[in-house]
Amino acid sequence: MKSEFQVVPADRTDNITYAVRDVVVLAEKVAKQGKEMLYLNIGDPNKYDFRTPDHLIEATHKALIDNQNGYSPSSGIKEGLDSIRGEAERKGIKNIQDVFVTTGASEAIEICLSALVNRGENVLTPSPGYPLYTAIISKLEAIENPYYLDESNGWQPDLQDIKAKINDNTRAIVLINPNNPTGSNCSRELLLGLIEIAIEHDLVIFSDEIYDKLLFDSEKHIATASLNHDFPIITFGGLSKNYLGPGLRIGWGIISGNGPMLTDFIEACNKILRARLCANHPLQYAIKPALEGPQDHIDAMIAKLTIRRDLTVDMLNKIEGISCVVPKGAFYAFPRLHINGEDSVWVQELLKATGVVVVHGSGFGQVPGTNHFRVVFLPQVEKLKSAYDQIGNFMAGNK
């Protein structure tokens with residue numbers, strides 16, 4: 001073997017980044033120096049004072065005891081699929097053509113994008129938005145086509161910007177609702193406008209609704225697919241956020257719309273589903289008790305998060321050089337930095353100086369010329385207060 005031999009990675013990996021976890025590399029270096037760390041970067045409720053509901057744990061434990069440890073059907077077990085379909089129908093989604101269970105909602109998203117988008121085609125993705133989409137699109141050698149959310153309008157999608165970005169190679173519109181990283185929740189009027197654009201241009205809608213039960217201030221979530229039963233809409237959900245089980249890695253996709261329009265696409269999805277065998281079999285038994293069992297934990301979770309959301313907005317808006325739109329759902333805020341320089345540099349300097357770990361706004365996308373950062377307000381109040389005090393001191397010391 002030649003000593004100069006190097007294993008060259010595929011070109012498709014060149015543009016894959018994941019800001020949420022990439023910042024951890026620097027955080028680990030800082031932690032080794034003995035600095036106290038305050039992590040506000042990853043949306044994992046179970047790292048804090050939230051716990052997977054007992055009835056989900058009991059259901060998966062029983063499945064293990066009952067030896068449900070072989071392969072499941074590629075689309076998932078029947079009781080899980082029936083429960084997902086029932087939940088979708090309760091949300092007003094009709095004309096459901098297919099339902100499938102995946103290893104987290106992320107796998108469902110990747111399968112559907114892979115089944116739809118060819119090399120060189122593009123997908124409209126929200127900016128700010130979750131970086132998983134851009135990573136998958138890069139891997140598929142497709143083109144990210146970001147559209148902007150309007151900060152002055154509660155981070156609602158800018159429909160005029162969406163229209164302006166559509167071209168002959170555009171295949172789909174991605175909607176994250178409630179949104180990660182901004183916490184916005186789309187209005188009915190906005191959703192109807194988005195559907196109208198998709199119909200006019202023959203674009204599939206991918207509606208990521210993983211946070212649909214985590215809403216504040218009596219906000220209501222509207223399932224995109226509930227507003228049009230004929231047009232192709234794929235709805236994504238899972239157990240990770242609403243049901244406090246991110247490590248369970250159970251998600252799903254729901255394909256709705258007129259059957260003849262979707263036949264070939266559904267078969268393409270199922271080819272991929274069959275090729276990867278199945279999602280984790282015993283953990284699929286948590287789906288039915290999650291969707292059909294006690295929901296008490298959701299109200300308790302929203303009560304905690306509302307206090308932490310209010311603290312976050314109040315303390316950050318009091319810091320000179322920071323402004324923060326009030327999140328309506330999920331457990332993220334996306335404050336704006338009124339600074340000279342780049343938010344990625346600001347985040348690194350904040351981390352090194354204080355041990356507070358947030359994620360730079362450019363990792364999620366943002367209007368050019370603006371700077372932001374994402375905070376996760378899952379931690380306990382005392383930790384959040386400490387982190388925001390540190391941010392305030394850092395800003396004051398860098399005027």
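Close amide H partners of residue 371, meaning residues 5 or more places away or on another chain with modelled amide H under 5 Å apart, are 337. Per residue of the chain, the DSSP helices (runs of n ≥ 4 H) give a summed -39500 (n - 2.57) that works out to -12000 deg cm²/dmol at 222 nm. Only beta bridges with both residues in the chain are counted; by DSSP, about 55 percent of them are antiparallel. Length gained on full extension, residue 10 to residue 339, computed as 0.36 nm times the residue gap minus the Cα-Cα distance: 114.7 nm.
Taking amide H as placed 1.01 Å from N in the peptide plane, residue 357 has its amide H under 5 Å from the amide H of 38, 39, 40, each at least 5 places away in sequence or on another chain.
Working from Cα pairs under 8 Å separated by at least six residues, relative contact order for region 245-372 is 14 percent. In a Gaussian network model over the chain where Cα atoms closer than 10 Å are linked, find which of 216, 377, 206 has the largest mean-square fluctuation. Top of the fluctuation ranking is 216.
So if each residue of separation counts as 0.36 nm, and I subtract the Cα-Cα distance between residue 385 and residue 119, what length gain in nm does that give? Here the answer is 91.1 nm. Pairs of Cα atoms nearer than 8 Å and 6+ residues apart set the relative contact order; for the chain it is 25 percent.
For region 157-166, putting each phi into the Karplus relation 6.51 cos²θ - 1.76 cosθ + 1.60 with θ = phi - 60° gives couplings of x, 8, 5, 5, 5, 4, 4, 5, 8, 6 Hz, in residue order, rounded to whole numbers and with x for Gly and Pro. The list [x] 0.97; [y] 1.11; [z] 1.88 gives values of Rg/Rh (Cα atoms, Kirkwood Rh), and only one came from this structure; which label was calculated from it? Answer label, from the structure shown: [x]. Modelled spin labels at residue 90 and residue 219, positioned 7 Å past Cα toward Cβ, are 2.1 nm from each other. Taking 0.36 nm per residue of sequence separation and removing the Cα-Cα distance, the residue 61/residue 24 pair yields an extension gain of 10.1 nm. Annotation for residue 196 and residue 320: the two label points, set 7 Å from Cα along the Cα-Cβ direction, are 4.6 nm apart.
Within the listed set 249, 188, 274, the residue fluctuating most in the Gaussian network model of the chain (springs between alpha-carbon atoms under 10 angstrom) is 274. Could you list the residues of region 341-373 with an amide nitrogen less than 14 Å from a label point located 7 Å from the Cα of residue 164 in the Cα-to-C-beta direction? Residues passing the 14 Å test: 367-369. Backbone geometry of region 284-290 corresponds, through the Karplus equation with coefficients 6.51, -1.76 and 1.60 at θ = phi - 60°, to 3J(HN,Hα) couplings of 5, 6, 7, 5, 4, x, 5 Hz, x marking Gly and Pro.
In order along region 206-213, phi translates into HN-Hα couplings of 9, 10, 8, 10, 5, 10, 5, 9 Hz, rounded to whole numbers, per the Karplus curve 6.51 cos²θ - 1.76 cosθ + 1.60 with θ = phi - 60° and x for Gly and Pro. A 24 angstrom limit on the alpha carbon distance is what I want to check against. Which of 47/328; 241/383; 91/241; 94/288; 139/220 exceed it? Violating the 24 Å Cα-Cα cut-off are 139/220. Distance between the 7 Å Cα→Cβ label points at residue 139 and residue 306: 3.9 nm. Distance between the C-alpha centers of region 156-177 and region 283-305? Whole Å please. When both Cα centres are located, 33 Å separates them.
Of all beta bridges that DSSP places with both ends in region 54-292, some 45 percent have antiparallel geometry.
Figure legend: label point modelled 7 angstrom from the Cα of residue 69 along Cα→Cβ; residues of region 274-300 with amide N under 12 Å from it are 282. For region 54-292, the residue among 203, 56, 245 whose Cα projects farthest onto the positive side of the dipole built from Cβ charges is 56.
Taking every C-alpha pair closer than 8 Å and separated by at least 6 residues, the mean separation divided by the residue count of region 54-292 gives a relative contact order of 33 percent. Among 159, 149, 277, the residue with the largest mean-square fluctuation in a Gaussian network model of the chain, with springs joining Cα atoms closer than 10 Å, is 277.
None of the figures in this text is laboratory data; all of them are computed from the coordinates on show. All values derive from a computational prediction rather than experimental measurement. Backbone-built Cβ (ideal geometry, glycine too); neighbour counts: all protein chains shown.
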